[in-house]
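Presented below is the structure to which this report refers.
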Amino acid sequence: MGKFYITTPIYYVNAEPHVGHAYTSIAADALARYHSLKGDDVFFITGVDEHGANIEKISAEKGVSPQQYCDQMAPTFTNLWKKLNISYDIFLRTTSELHKRGVAKFLNSLHESGDIYKDKYEGYYCRPCESFYTEKELGEQKVCPVHRLPVEWVEEENYFFALSKYENRLLEHIRANRRFIQPDSRRNEILSVIESGLKNVSISRASVSWGIPLPFDPTHNIYVWIEALCNYITALDFDETGEKFRTYWPADIHLMGKEITRFHAIIWPAMLMSVNLPLPKQVFGHGWLTKDGDRISKTTGNIIDMNALIDEFGLAAFRYYMMREFSFGNDGDFRHDRFVLRYNADLANDLGNLLNRTLGLVSKHFGVIPNPTTPGEFDNEVKQIARETVNEVDSLMSRRAFDAALEAIWEFVRRVNRYIQQTQVWTLAKSEDGKGRMGTILYNSMEALRTVAVLISPFMPDTADRIRQQMGLDESFNAQGLDTVAQWGGLPSEIPIMKPEPIFPRKDTKSVQSNSVDGAEEANLISFNQFQSLDMRVAEVIAAESIPNADRLLKLQVDLGGEQRQIVAGIAENYMPDDLIGKQVILVANLEPATIRGIKSQGMLLAAADGKGLAVATFEKTMLLGTRVR
RNA sequence: CGCAGGGUAGAGCAGUCUGGUAGCUCGUCGGGCUCAUAACCCGGAGGACGUGGGUUCAAAUCCCACCCCUGCAACCA
């Protein structure tokens, strides 16, 4: 029994939460609940990151103040956590006084440690982007890659943190503590990043106004990442002598998506070293989810509709799928058909049906939880596997192998189904002798189910609760910890059970459709006039060449019948230049010209790309060049 | 030589750190049971663990080289 301090990242409020955020938070919640079950004093924090140039920009676009914008966004997160039943203790907003106070205290300590210095920061700067670019990114024309506007050479005084000073200490710490960075693939990556040399990092921005001022120089705001990392201690009301801080720090685990492991495994520990605070025990960067093999993206409509899934299958099914299907450290592919499969096979058939068949027999022959009067074959095996499962789950949870932990629990569920089969319980009611044995087998099955309910409660708290209720147990059984199932026989007898009802009704596979891209394509009708505003023409490709250092681009010369155009097309992965020469294509002729990779493009040719490849639209027979297409 | 991840049964994945008869789910084929949600249970078929080389008594696992996929970034009007 100890304490367990667990964190998710504070999520950036530049957009509403999506399934990736949910994934991290569900995992954190399962781990937090598991440690509660073990009897640990758990402290679980999450929150939102609200400062920075990006937020300033987005709020300006929406015509509201940054604070108003953040006030609108924060509830979209808390509402989702409520829907997902996330049992956090503190939801920290970086605009809160609690956070600002802690940040000021921490930054002052950092300053006093002597690792902060002022220096000139210089580079090419794009004002609309509010960021610096390297010469390589700007290309030959020295324009911003996003806005295509000229950049300016800016020199800015900034404060820096002497990160490079901690290279060796970080390496030593990571090498000496195998579990400090997990999974191993991330650990190796971080090691190689540090080995290749660390640069000192800028920790302030004079040009960004939406932020927290540096306590020792209020003319600068703290760079948002530096300030955000502090949330892990500011949420504890940071003060080295404060009670919460002394109780819970260092964190037992910082959970996050793999893209931000570097900040947590390098910069954050170095800052803590600088002020002589203990380091978090573990930084875990989990994998990303894709959907149907493709990146999850709002613009392509390839999103996972959590609300629809939860409405149809229930929260338990959603949380179960997320934790069972993917190996936590690796990337995973979210597939709707797999979701339905998991639901039916694991939840409905294995667990739901086991509960239902067991309680059905109890209800028919006893009405109350029977007494285990008559031991027999297979009983001890079931008991032993129950005990082993509890131990195995514990070891797997400590490795954050959620999928394997659930698999271990389900192995036990299947074992109990087999137990019922092997003992042929339903045939025993015929004699008085048999009835004693029957009661014992059913008692054991129910005790097994109670064990399962406790073990799955971190993942599916509501399901554990429903199992308990159907078994006739009162709420005092909710609070029971892991130790009560490590010992067999904690289930009381003679308690009336409830009417058995399927907790996971089977879903018909055929009626369940993959809700993929189709949904995003409806609506958005345009008028005929809008369509007519497109000037599309028959054109012939008369020359084509590839563009150096551009994998996807071809430079084409096309003939519109009397007029020649140069266009750049992103089709190089599917067409060799020579394939196109002589082909008639459809050219959008009145598109505004653009410069791509330094080459002028005066139009665009029509093509379609599906998952497998790309094809340029052409004509069924040869047409007069320059003819309008409609 | 841009960065990262991956290639293990028909499908989806674990196992690789710590070398020792290749594992899970689904599907498929055959059988059993009839308490239960057309559920459950038993058995079978199906694998050069991407390729080649090396280390070792022993390699999916360690080392080297290569091939192929997938993201991200640079360009996708």
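The values are calculated or read from the model by the stated rules, or taken from the named source; none is laboratory data. Not measured: the values here are computed from a predicted model. Methodologically, a virtual Cβ is constructed for each residue, glycine included, from the backbone with ideal geometry; neighbour enumeration extends over all protein chains shown.
A single entry from A:F378, A:F412 fulfils the requirement of being of a type in the set (A, V, I, L, M, F, W, C), at positive phi and touching a residue at least 40 places away in the same chain (Cβ under 8 Å): A:F378.
Just to be sure before I move on: is A:E563 at pLDDT 80 or above, among the charged types (D, E, K, R) and closer than 28 Å to A:A617 by Cβ in the structure I sent?
Details: at pLDDT 80 or above: yes; among the charged types (D, E, K, R): yes; closer than 28 Å to A:A617 by Cβ: yes.
In short, yes.
Within the stretch A:234-257, which residues are in contact with a helix residue (DSSP H, G or I) (Cβ under 6 Å, 6 or more places away or on another chain) and in a helix (DSSP H, G or I)? Answer for the stretch A:234-257, where residues must be in contact with a helix residue (DSSP H, G or I) (Cβ under 6 Å, 6 or more places away or on another chain) and in a helix (DSSP H, G or I): just A:T234. A:Y320 meets each of the listed conditions (1) in contact with a helix residue (DSSP H, G or I) (Cβ under 6 Å, 6 or more places away or on another chain); (2) within 25 Å of A:T451 (Cβ to Cβ) apart from (1). Among the residues making up the stretch A:392-406, those that are out of contact with any Leu (no Cβ under 8 Å at 6 or more places or on another chain) and either of a type in the set (S, T, Y) or closer than 27 Å to A:G472 by Cα (or both) are A:S395, A:S398, A:L406.
More than 9 Å from RNA strand B (Cβ to nearest atom) and among the β-branched types (V, I, T): is that true of A:I571 in this structure? I'd like the intermediate steps shown before the answer.
On the way: more than 9 Å from RNA strand B (Cβ to nearest atom): no; among the β-branched types (V, I, T): yes.
So A:I571 fails the test.
Residues in the stretch A:457-488 that are within 20 Å of A:R418 (Cα to Cα) and modelled with pLDDT under 95: A:W488 alone.
Looking at the stretch A:205-221 only, could you name the residues that are closer than 10 Å to A:A104 by Cα and within 32 Å of the chain's Cα centre (by Cα)? Spell out how you get there, then give the answer.
So in the stretch A:205-221, the residues closer than 10 Å to A:A104 by Cα come out as A:212-216.
Scanning the stretch A:205-221 gives A:I212, A:P213, A:L214.
Per the listing A:L351, A:L347, the residue uniquely buried (at least 20 other Cβ atoms within 10 Å of the Cβ), under 42 Å from the mean Cα position of the chain (by Cα) and closer than 16 Å to A:Q469 by Cβ is A:L351.
Quick check on the stretch A:356-368: of everything there that is touching a Pro at 6+ places or on another chain (Cβ under 7 Å) and not polar (S, T, N, Q), which residue is farthest from RNA strand B (Cβ to nearest atom)? Write out each step before concluding.
So in the stretch A:356-368, the residues touching a Pro at 6+ places or on another chain (Cβ under 7 Å) come out as A:356, A:359-360, A:362-363, A:367-368.
Those left that are additionally not polar (S, T, N, Q): A:359-360, A:362, A:367-368.
Details: A:L359: 9, A:G360: 4, A:V362: 9, A:G367: 14, A:V368: 17 Å.
Applying the filter and picking the extreme gives A:V368.
Considering the stretch A:568-596, the residues that are within 14 Å of A:L553 (Cα to Cα) and touching an Asp or Glu at 6+ places or on another chain (Cβ under 9 Å) include one that is surrounded by the fewest Cβ atoms within 10 Å (Cβ to Cβ), namely A:E573. Of the residues making up the stretch A:266-290, those that are surrounded by 21 or more Cβ atoms within 10 Å (Cβ to Cβ) and within 13 Å of RNA strand B (Cβ to nearest atom) are A:G285, A:H286, A:L289. Scoring A:H336 on the criteria (1) within 7 Å of RNA strand B (Cβ to nearest atom); (2) out of contact with any His (no Cβ under 9 Å at 6 or more places or on another chain) leaves a single failure, condition (1).
Conditions (1) within 22 Å of the chain's Cα centre (by Cα); (2) farther than 26 Å from A:V393 by Cβ, marked per residue:
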residue: A:T7; (1), (2): yes, no
residue: A:T24; (1), (2): yes, no
residue: A:I45; (1), (2): yes, no
residue: A:Y69; (1), (2): no, yes
residue: A:T78; (1), (2): yes, yes
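For A:K83, which of the numbered conditions (1) assigned to a helix (DSSP H, G or I); (2) over 30 Å from A:L315 (Cα atoms) fails to hold? Among (1) assigned to a helix (DSSP H, G or I); (2) over 30 Å from A:L315 (Cα atoms), A:K83 violates only (2).
Within the stretch A:317-324, identify whether any single residue is more than 14 Å from RNA strand B (Cβ to nearest atom), touching a residue at least 12 places away in the same chain (Cβ under 8 Å), outside any loop (DSSP other than H, G, I, E, B) and under 30 Å from A:A162 (Cβ atoms), and answer yes or no. Outline the logic, then answer.
Filtering the stretch A:317-324 for residues more than 14 Å from RNA strand B (Cβ to nearest atom) gives A:318-319.
Cutting the leftovers down to touching a residue at least 12 places away in the same chain (Cβ under 8 Å) gives us A:318-319.
Narrowing the set further to residues that are outside any loop (DSSP other than H, G, I, E, B) leaves A:318-319.
After this cut, where a residue has to be under 30 Å from A:A162 (Cβ atoms) as well, the list is none.
Within the stretch A:317-324, none of the residues are more than 14 Å from RNA strand B (Cβ to nearest atom), touching a residue at least 12 places away in the same chain (Cβ under 8 Å), outside any loop (DSSP other than H, G, I, E, B) and under 30 Å from A:A162 (Cβ atoms).
Could you tell me whether the stretch A:180-198 includes any residue that is at pLDDT below 90, outside any strand (DSSP E or B) and at positive phi? The answer is yes, given that some residue of the stretch A:180-198 is at pLDDT below 90, outside any strand (DSSP E or B) and at positive phi. If the condition is being touching a residue at least 24 places away in the same chain (Cβ under 8 Å) and small (G, A, S), then the stretch A:211-257 contributes A:G211, A:A228, A:A235, A:A251, A:G257. Report yes if some residue within the stretch A:73-80 is surrounded by fewer than 15 Cβ atoms within 10 Å (Cβ to Cβ) and either under 17 Å from A:E227 (Cβ atoms) or in contact with a helix residue (DSSP H, G or I) (Cβ under 9 Å, 6 or more places away or on another chain) (or both); otherwise report no. Within the stretch A:73-80 (the criterion being surrounded by fewer than 15 Cβ atoms within 10 Å (Cβ to Cβ) and either under 17 Å from A:E227 (Cβ atoms) or in contact with a helix residue (DSSP H, G or I) (Cβ under 9 Å, 6 or more places away or on another chain) (or both)), the answer is no, since none of the residues qualifies. I'd like the full set of residues that are touching a strand residue (DSSP E or B) at 6+ places or on another chain (Cβ under 9 Å) and either in a strand (DSSP E or B) or among the acidic types (D, E) (or both), limited to the stretch A:1-22. Answer for the stretch A:1-22, where residues must be touching a strand residue (DSSP E or B) at 6+ places or on another chain (Cβ under 9 Å) and either in a strand (DSSP E or B) or among the acidic types (D, E) (or both): A:K3, A:F4, A:Y5, A:I6, A:T7, A:T8, A:P9, A:I10, A:Y11, A:Y12. Within the stretch A:280-293, residues that are of a type in the set (D, E, K, R) have Cβ atoms under 8 Å from residues that are not in a loop (DSSP other than H, G, I, E, B) in these pairs: A:K281/A:I253; A:K291/A:N302; A:K291/A:D333; A:K291/A:F334; A:D292/A:N302; A:D292/A:D333; A:D292/A:F334; A:D292/A:H336, counting only partners at least 6 apart in sequence or on another chain. Scanning the stretch A:33-62 for residues that are without any contact (Cβ under 8 Å) to a residue 60 or more places away in the chain and among the hydrophobic types (A, V, I, L, M, F, W, C) returns A:V42, A:F44, A:V48, A:I58, A:A60. Of all residues in the stretch A:456-512, those being farther than 26 Å from A:M322 by Cα and outside any helix (DSSP H, G or I) number 18. For the stretch A:613-626, the criterion of being closer than 28 Å to A:R295 by Cβ, in a loop (DSSP other than H, G, I, E, B) and of a type in the set (G, A, S) is met by at least one residue.
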